[in-house]
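Here the structure is laid out as structure tokens; the discussion comes afterwards.
The values are calculated or read from the model by the stated rules, or taken from the named source; none is laboratory data. Note that the structure is predicted; figures quoted are calculated from it, not measured. Here Cβ is always computed from backbone atoms with ideal geometry, including for glycine, and neighbour counts include all displayed protein chains. Each accessible area value is taken on the protein alone, full model and side chains, heavy atoms only, with ligands, DNA and RNA left out. Shrake-Rupley method; radii C 1.70, N 1.55, O 1.52, S 1.80 Å.
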Amino acid sequence: AANTLGIIIHGALEELYTPYLNQYLAVHHIEFMETQIETIILKYFKKEYKEGEINKGKNLLAFEVAKRNVYNFLQLEKKALIEENAAIKVLFLEQPLSCEIQLDSFDFPIKIAGKVDRIEERNGVIRIIDYKTGKVDAHSLKLTDVLALTPEVEYEKIIQLLCYALMFENHALRLDREITAGIISFKNMKSG
């Protein structure tokens, strides 16, 4: 299935980062995670593919792509720590969030819910991050007028991020930090 690679990568990143929740990341943490990539990807691959052969063909390619995506992600993290001297603290992974919205046109509240891939504090700013295994173009995440939002597919990622920010808002107010939201696309990670 198209989302299987995403499930594997999400699971692997959650397992790799969980031991470091709520502490500032250091280069040696990332380097240790790098040594665990193959074992952890294999674990999630076997879970998703059950008895599937992963030593040849499309499955082997998918396995190698998953490993490469996680490795590249860790390299970006390491680069931020070394070159940018970033202070990164992962606060939540695969965090369920929800809130209720009251609209004048309804007599009842509307509940929205979702699961955020990663919420971190980076250099004092709270970042709500959604991982995407597919390619995401930066222009599809820019919106000059909120009133231009429509339920069209081209805005689905923006709407998802705005909903995550709304659901996290009360928690963020207690933290008294600026919030940003964005996507990390594994197909074009270097685009920011």
ask   = So, of the residues in the stretch 12-27 that are in contact (Cβ under 8 Å) with a residue 60 or more places away in the chain and outside any helix (DSSP H, G or I), which turns out to be surrounded by the fewest Cβ atoms within 10 Å (Cβ to Cβ)?
value = 22
query = Hey, residue 81 hits all of (1) farther than 16 Å from residue 117 by Cβ; (2) loosely packed, with under 12 Cβ neighbours inside 10 Å but one; which does it fall short on?
reply = (2)
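With the structure loaded, tell me whether residue 111 is on the phi < 0 side of the Ramachandran plot, modelled with pLDDT of 85 or more, of a type in the set (Lys, Arg) and surrounded by 12 or more Cβ atoms within 10 Å (Cβ to Cβ) or whether it fails that test.
Spelling it out, it is not the case that residue 111 is on the phi < 0 side of the Ramachandran plot, modelled with pLDDT of 85 or more, of a type in the set (Lys, Arg) and surrounded by 12 or more Cβ atoms within 10 Å (Cβ to Cβ).
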task = Being open to solvent by 40 Å² or more (accessible area, probe 1.4 Å) and either touching a Lys or Arg at 6+ places or on another chain (Cβ under 6 Å) or over 25 Å from residue 92 (Cβ atoms) (or both) is the filter here, so list the residues in the stretch 40-58 that pass it.
result = 42, 46, 49, 50, 51, 53, 55, 56, 57, 58
note = Within the stretch 38-69, the count of residues that are over 11 Å from residue 5 (Cα atoms) and modelled with pLDDT of 90 or more comes to 6
inquiry  = Let me confirm something: among 37, 9, 30, which residue is open to solvent by less than 30 Å² (accessible area, probe 1.4 Å), within 16 Å of the chain's Cα centre (by Cα) and closer than 21 Å to residue 79 by Cβ?
reply    = 9
request  = Please enumerate the residues belonging to the stretch 75-119 that are without any contact (Cβ under 8 Å) to a residue 12 or more places away in the chain and either among the basic types (Lys, Arg) or in contact with an Asp or Glu (Cβ under 8 Å, 6 or more places away or on another chain) (or both).
outcome  = 79, 109, 110
request  = Scan the stretch 42-65 residue by residue and report those that are in contact with a Phe, Trp or Tyr (Cβ under 7 Å, 6 or more places away or on another chain) and in contact (Cβ under 8 Å) with a residue 24 or more places away in the chain.
outcome  = 45
